[in-house]
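First up is the structure itself, then whatever we jot down about it.
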Amino acid sequence: MLRLDGLAATLGPYPHPGLVPTMKEKVAKGSRLKKLQCPGCELTVWATEKTLREVQEAQGGLPWCGVCGVDKNWDSMERLVEKAAE
């Protein structure tokens with residue numbers, strides 16, 4: 001502690017008012033990912049807005065579920081639905 005006191009005396013007074021911490025709450029950042037869920041098998045997938053736009057342009061809608069469509073039975077295959085993130 002003596003060493004710091006000596007250093008403080010050498011440096012002199014603080015050149016501006018001291019910093020006062022505040023009790024601000026941290027604002028949580030939102031996720032950049034969108035949550036998609038299959039209504040058939042409840043598969044959950046997260047994708048960026050950019051990826052969703054690209055898939056919608058290519059496929060004409062939200063992506064198809066990869067689990068329901070494993071057997072390539074297109075009649076039973078579901079499109080993913082955008083869900084609110086919890």
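Quick note: the coordinates plus some simple rules give every number you see, no bench work behind them. In this text the structure is predicted, and so the values were computed from the model without any measurement. In this analysis, Cβ positions are derived from the backbone assuming ideal geometry, glycine residues included, and neighbour counts consider all displayed protein chains.
The packing ranking, built from the mean of other Cβ atoms within 10 Å per residue, places the peptides 59-68, 45-54 in the order 59-68, 45-54, highest first. Among the trypsin sites (Lys or Arg not before Pro) within segment 1-48, those in coil by DSSP and having at most 14 neighbouring Cβ atoms inside 10 Å are Lys24, Lys26, Lys29, Arg32.
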